[in-house]
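All remarks here apply to the structure that follows.
Just so it is clear, none of the values below were taken in a lab; they were calculated from the coordinates. Predicted model only: the values in this text are computed from it and were never measured. Using ideal geometry, Cβ is built from the backbone for each residue, glycine included, and neighbour counts are taken over all protein chains shown.
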Amino acid sequence: MGEVAVSLFAPEALRRRPQQGEPREESWPWLCHWTSCPSIAADKASEGGFVLARLRDGVRRNDCCESVSTLAVDHDAGTTSPERAAHVLRRYRHIIYSTASHSTEAPHWRAIVALSRPLLPDEHRVLWRHAVARLHSLSIVVDPGCSDPARLWYAPTVRPGCEASFVHLAHDGPELDADGMLAAAKAWAEDQRTEALTPQKRADGEHMGKLVSYAMAALRRAAQNVTEASEGERHHVLCREAFSLARLGLSEQQISDALLGPFVAVAGDRRRREGERTIRDEIHARARK
């Protein structure tokens with residue numbers, strides 16, 4: 001795909017109804033550069049936003065969306081680092097940048113993946129649901145409310161005093177094959193419908209959803225406990241939380257993603273290897289029990 005259809009919305013445009021932006025056709029390098037230059041603002045809405053779609057007359061409504069330019073998701077759970085997300089998406093051309101609420105202890109980021117062609121709105125819904133399910137299977141939780149074709153994304157911002165925490169990662173791989181992924185998405189959706197017909201499968205799905213929610217909450221609590229531990233208690237708390245999370249059946253990568261960043265943020269980078277070794281040892285200790 002050559003040009004990327006994008007509509008830019010000034011702050012005042014967000015206060016109007018309907019919201020009407022400036023439709024533009026931009027290159028992928030332009031999008032990479034634009035997302036790498038955040039504004040410094042306490043209120044993210046004060047800097048406007050953008051829609052990665054072709055909107056009729058620039059009006060931000062789903063019924064005015066003619067096509068969607070990219071696949072985009074937000075991570076607000078605070079459990080996965082931008083670097084981990086970049087590793088998962090390494091097969092595709094993508095941009096990942098930290099959003100306004102981001103911190104090392106609680107990562108918040110947006111991922112934008114280039115497509116081989118624009119998607120019709122209905123195609124986007126199908127592909128987006130499939131992509132989110134695949135990310136969830138890799139323990140990357142993304143905001144389920146971001147599936148609208150005319151989704152507004154706030155412009156890149158960083159809070160005053162947090163400029164050093166801004167993360168921008170860009171990878172120039174191949175575009176995601178829209179038609180191939182759509183075929184896989186439709187087959188997956190059909191499988192899901194078939195499985196959902198049986199009461200036991202439905203009950204299993206509800207149970208699994210509760211388990212995932214519990215695990216994500218446990219990861220957040222553990223990260224917070226490591227961050228808030230006193231200097232003398234920090235190593236002990238890291239041991240305890242890593243061991244406890246391993247009891248939930250979480251992978252070493254998931255536990256490390258949740259705990260190592262907060263530990264290094266408060267203990268310093270000189271203790272990174274100590275943190276890595278401690279997490280690994282506690283997970284292995286739990287496995288031996």
Footprinting exposure proxy for THR278, THR80 (fewest neighbouring C-beta atoms within 10 Å first) = THR278, THR80
ask   = By how many degrees, between 0 and 90 and to the nearest 10, does the Cα long axis of helix 121-137 differ from the longest principal axis of the chain?
value = 10
query = Once both axes come from the Cα atoms, what is the angle between helix 178-196 and the longest principal axis of the chain, in degrees from 0 to 90, rounded to 10?
reply = 60
message = Springs between alpha-carbon pairs under 10 angstrom, Gaussian network model over the chain: which of GLN254, GLN19, GLN192 fluctuates most?
response = GLN192
note = For 180-190, 237-247, 52-62, ranked highest to lowest by mean beta-carbon neighbours within 10 Å, the order is 237-247, 52-62, 180-190
key: Rounded tilt (10° steps) of 252-267 against the dominant C-alpha axis of the chain   = 80
remark   = Taking the alpha-carbon centre of each part, the distance from the range 273-287 to the range 1-38 in Å is 45
request  = With a 10 Å radius around each residue's Cβ, average the other Cβ atoms per peptide and rank 157-163, 98-104, highest first.
outcome  = 98-104, 157-163
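When you count, for each residue, the other Cβ atoms within 10 Å and take the mean per peptide, how do 122-128, 142-148 rank with the highest first?
Values: 122-128: 19.1, 142-148: 15.4.
The densest-packed peptide leads the list: 122-128, 142-148.
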